[in-house]
1. If Gln69 satisfies every condition in (1) open to solvent by 20 Å² or more (accessible area, probe 1.4 Å); (2) touching a residue at least 60 places away in the same chain (Cβ under 8 Å); (3) not small (Gly, Ala, Ser) but one, which is the exception?
2. So, in segment 32-54, exactly how many residues are open to solvent by less than 40 Å² (accessible area, probe 1.4 Å) and not polar (S, T, N, Q)?
3. Kindly evaluate His20 against the criterion of being modelled with pLDDT under 90 and open to solvent by less than 40 Å² (accessible area, probe 1.4 Å).
4. Under 8 Å between Cβ atoms, which residue pairs at least 6 apart in sequence (or on different chains) link something in segment 94-112 that is closer than 12 Å to Ser34 by Cα with a partner that is outside any helix (DSSP H, G or I)?
Amino acid sequence: MDPKNISKKLETPQLGPSRHSPRLNSILSTLGDSFGIPPALILSSSRISSLVEARHAFVFLASKFVRRQSDLARILKCDHTTIRNSAIRAQDLMSIDSDYAALVRSVAEKHGLK
């Protein structure tokens with residue numbers, strides 16, 4: 001496969017169709033820039049810690065405006081309990097890692113999230 005196609009795939013998030021998709025894509029892109037990770041890798045099923053932490057941050061921020069966890073779970077193609085646990089894990093990480101907390105807060109501010 002052509003390396004250009006691979007990098008293009010890594011830059012394009014694969015979110016399911018939803019009225020929230022444009023805003024989610026924007027948050028995902030900003031997180032990718034902040035973490036230095038391609039957005040598609042944030043959504044991957046990889047268990048590499050830096051990717052998992054970025055994924056937790058994404059779920060935490062996305063859950064601020066997607067009203068129901070089941071809606072976010074459907075968009076991300078996972079179970080609603082995965083969404084709940086991921087958001088909780090992001091909060092835990094923010095309470096013990098000030099750099100992580102500052103990064104998540106800066107992305108939240110850029111998108112008008114509290």
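The values are calculated or read from the model by the stated rules, or taken from the named source; none is laboratory data. Values in this document were obtained by computation on a predicted structure and should not be read as measured data. Cβ sites come from the backbone with ideal geometry, for glycine too, and all protein chains shown count toward neighbours. With ligands, DNA and RNA removed, areas are computed over all heavy atoms of the protein, side chains included. Shrake-Rupley method; radii C 1.70, N 1.55, O 1.52, S 1.80 Å.
1. Exception for Gln69: condition (2).
2. 8
3. Yes; evaluated as a whole, the condition is true for this residue.
4. Ala108/Lys64; Ala108/Lys114
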